[in-house]
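The values are calculated or read from the model by the stated rules, or taken from the named source; none is laboratory data. Given the structure is predicted, the values throughout are model-derived calculations rather than measurements. As a convention, Cβ positions derive from the backbone with ideal geometry for all residues, glycine included, and neighbour counts pool all protein chains shown. Keep in mind that these areas ignore ligands, DNA and RNA; they rest on the heavy atoms of the full protein, side chains included. Shrake-Rupley method; radii C 1.70, N 1.55, O 1.52, S 1.80 Å.
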Amino acid sequence: MKRFDYARPMDLESAVATLSAGGEGTRLIAGGTTMFDLMKLDVEMPGRIVDINNLSELKTMETSGDELRLGALVRMADAAEDARLKAEFPVLSEALWKAASQQLRNMASLGGNLLQRTRCAYFRHGAPFACNKRNPGSGCAAIGGANRSHALFGGSDACIAAYPGDFAVALIAMDALIDVAGPQGRRTIPIAELHRQPGTQPQHDATLSSEEIIVQIRIPANAVGKASTYHKIRDRESYAFAVVSSAAAVRIENGVVADARIALGGVATVPWRASRAEQALIGRRIDAQTAAEAGRIAFEGATPLSHNAFKIELGANVVSDALMIAAGRA
Ligand SMILES: Cc1cc2nc3c(=O)[nH]c(=O)nc-3n(C[C@H](O)[C@H](O)[C@H](O)COP(=O)(O)OP(=O)(O)OC[C@H]3O[C@@H](n4cnc5c(N)ncnc54)[C@H](O)[C@@H]3O)c2cc1C
Ligand code: SF4
């Protein structure tokens, strides 16, 4: 691991200033469970680390009002255990519970979870493999290589890496907002605009600048969160990233669907909202047939690679099962 300078500012303003002053080789850490991993693998080689763990403003969790506010430094385990999340937003609590191991959830922050980097093996393990995300312009070894875990949606000729996180998939279904602070002040980014599809610049995962810090995640209270779930299929049940996952939520009025939310994980370069499948459910009763149809629609337009076509049928079934679970809670 390369030597680096270390700073631990005491408040948000100084943290932003330290990040801005540090320049290109400066990186922020929260729980460090992604960042230190990547530093040991020489994927990330920062000259300076800005540790934000003293920023008390980012540690608060307010879940009693009309809008839930989760600080970026709240640990995944603490948010997963929150009584209101469990009762009124099971999709959020389950997405956190089904992510990583208990030890990791105790350490890892919500902000860090959103901005974790891909698990593409060529990205993590480097030479002799080409990887445009790790080394822009070098090519993409996954396109003709081992691409079982890669994306069916949102890929480009430059990169097909799947977004690995669970929580952002659940948040996108709940239309969450992300408040960030930077040298120009504060701004709010809808979660659907936080992550970038790779296009020709896969080295940039998010729309945040390197000088901006996520302060909190806001979730508008809504009537659809209660009948929701996060359904995740993984290779190993104890802990593993999603092969395919689906966040699903429904609001039923007079026996038919008045609102539906479906988002997909493990199959796209960014957390992926399946809007056409949602629309197809409006005004209809949810039963095995309509749920299966929504699952099929969610995977229309998927672009399979040499080793991941199996995810289309699996994914359609995961969406269908998620909808049946959500509807059972309505
Ligand atoms: C074995 C293993 C299994 C895992 N399984 C899963 C899984 O199944 N599902 C899942 O979702 N995740 C999984 N993870 C990933 C894990 O959840 C993330 O590593 C963790 O959430 C990252 O949080 P952190 O606080 O440790 O982030 P850090 O490592 O500190 O940071 C991660 C990135 O986020 C940036 N960052 C952190 N906080 C902020 C902020 N407030 N503002 C701006 N940028 C910020 C950092 O600069 C860095 O780029 C797994 C990890 C491991 C090691
Ligand atoms: S899929 Fe993306 S991260 Fe993986 S090798 Fe290709 S460019 Fe790199």
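Is one or more of the residues making up region 78-98 in a loop (DSSP other than H, G, I, E, B) and within 9 Å of ligand 1 (Cβ to nearest atom)?
Keep residues of region 78-98 that are in a loop (DSSP other than H, G, I, E, B), which gives 82, 89, 98.
Applying the additional criterion that residues be within 9 Å of ligand 1 (Cβ to nearest atom) yields 98.
Yes, region 78-98 contains at least one residue that is in a loop (DSSP other than H, G, I, E, B) and within 9 Å of ligand 1 (Cβ to nearest atom).
In region 124-142, which residues are surrounded by fewer than 22 Cβ atoms within 10 Å (Cβ to Cβ) and either in contact (Cβ under 8 Å) with a residue 40 or more places away in the chain or closer than 27 Å to I189 by Cβ (or both)?
At the first step, the residues of region 124-142 found to be surrounded by fewer than 22 Cβ atoms within 10 Å (Cβ to Cβ) are 124-130, 135-139, 141.
R124, H125, G126, P136, listed by residue number.
Determine the pairs where a residue that is of a type in the set (D, E), located within region 252-277, has a partner that is open to solvent by 10 Å² or more (accessible area, probe 1.4 Å) with Cβ atoms under 8 Å apart, the partner being 6 or more residues away or on another chain.
Final answer for the pair search is D259/A223; D259/R251; D259/I282.
Taking the conditions exactly as written (surrounded by fewer than 18 Cβ atoms within 10 Å (Cβ to Cβ) and in a loop (DSSP other than H, G, I, E, B)), does E211 satisfy them or not? Steps first, answer last, please.
Details: surrounded by fewer than 18 Cβ atoms within 10 Å (Cβ to Cβ): no; in a loop (DSSP other than H, G, I, E, B): yes.
Taking the combined requirement at face value, the residue does not satisfy it.
With respect to G71, is the statement that it is surrounded by 20 or more Cβ atoms within 10 Å (Cβ to Cβ) and near ligand 1 (Cβ under 8 Å from one of its atoms) true? Full working, then the answer.
Details: surrounded by 20 or more Cβ atoms within 10 Å (Cβ to Cβ): yes; near ligand 1 (Cβ under 8 Å from one of its atoms): no.
Spelling it out, it is not the case that G71 is surrounded by 20 or more Cβ atoms within 10 Å (Cβ to Cβ) and near ligand 1 (Cβ under 8 Å from one of its atoms).
Collect the residues in region 131-157 that are within 16 Å of ligand 1 (Cβ to nearest atom) and farther than 20 Å from G315 by Cβ, keeping them in residue-number order.
Result: K133, R134.
Quick check on region 28-45: of everything there that is open to solvent by 30 Å² or more (accessible area, probe 1.4 Å) and in contact with a strand residue (DSSP E or B) (Cβ under 8 Å, 6 or more places away or on another chain), which residue is farthest from ligand 2 (Cβ to nearest atom)? Quick ask: steps written out before the conclusion?
Within region 28-45, the subset open to solvent by 30 Å² or more (accessible area, probe 1.4 Å) is 28, 33-34, 36-37, 40-42, 45.
Filter again for in contact with a strand residue (DSSP E or B) (Cβ under 8 Å, 6 or more places away or on another chain), leaving 28, 36.
Details: L28: 21, F36: 19 Å.
In this case the residue turns out to be L28.
Evaluate the following for Q184: is it farther than 16 Å from L68 by Cα and within 16 Å of ligand 2 (Cβ to nearest atom)?
no
Name the pairs whose Cβ atoms lie under 8 Å apart, with the first residue in region 98-123 and of a type in the set (D, E, K, R), the second part of a helix (DSSP H, G or I) and crowded, with 24+ Cβ neighbours inside 10 Å, and 6 or more positions between them or separate chains?
R105/M76; R105/L96; R117/F123
Is it the case that Y239 is surrounded by 24 or more Cβ atoms within 10 Å (Cβ to Cβ) and among the aromatic types (F, W, Y)? Let's see the steps before the verdict.
On the way: surrounded by 24 or more Cβ atoms within 10 Å (Cβ to Cβ): no; among the aromatic types (F, W, Y): yes.
No: the conditions fail for Y239.
Counting only residues that are touching a Ser or Thr at 6+ places or on another chain (Cβ under 8 Å), give me the helices (runs of 4 or more DSSP H) lying completely in region 245-330 with at least 3 of them.
On the way: elements: 275-281, 288-298, 310-328.
It comes to 288-298, 310-328.
Okay, residues lined up against (1) in contact with a strand residue (DSSP E or B) (Cβ under 8 Å, 6 or more places away or on another chain); (2) buried (at least 22 other Cβ atoms within 10 Å of the Cβ); (3) more than 19 Å from F299 (Cβ to Cβ):
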position: G144; (1), (2), (3): no, no, yes
position: R148; (1), (2), (3): no, no, no
position: L152; (1), (2), (3): yes, yes, no
position: G155; (1), (2), (3): no, yes, no
position: Y163; (1), (2), (3): yes, yes, no
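Residue-wise test of (1) crowded, with 19+ Cβ neighbours inside 10 Å; (2) in contact (Cβ under 8 Å) with a residue 60 or more places away in the chain; (3) within 24 Å of V50 (Cβ to Cβ).
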{"residue": "I160", "(1), (2), (3)": "yes, yes, no"}
{"residue": "V169", "(1), (2), (3)": "yes, yes, no"}
{"residue": "V180", "(1), (2), (3)": "yes, no, yes"}
{"residue": "Q184", "(1), (2), (3)": "no, no, yes"}
{"residue": "G199", "(1), (2), (3)": "no, no, no"}
{"residue": "Q203", "(1), (2), (3)": "no, yes, yes"}
{"residue": "T207", "(1), (2), (3)": "no, no, yes"}
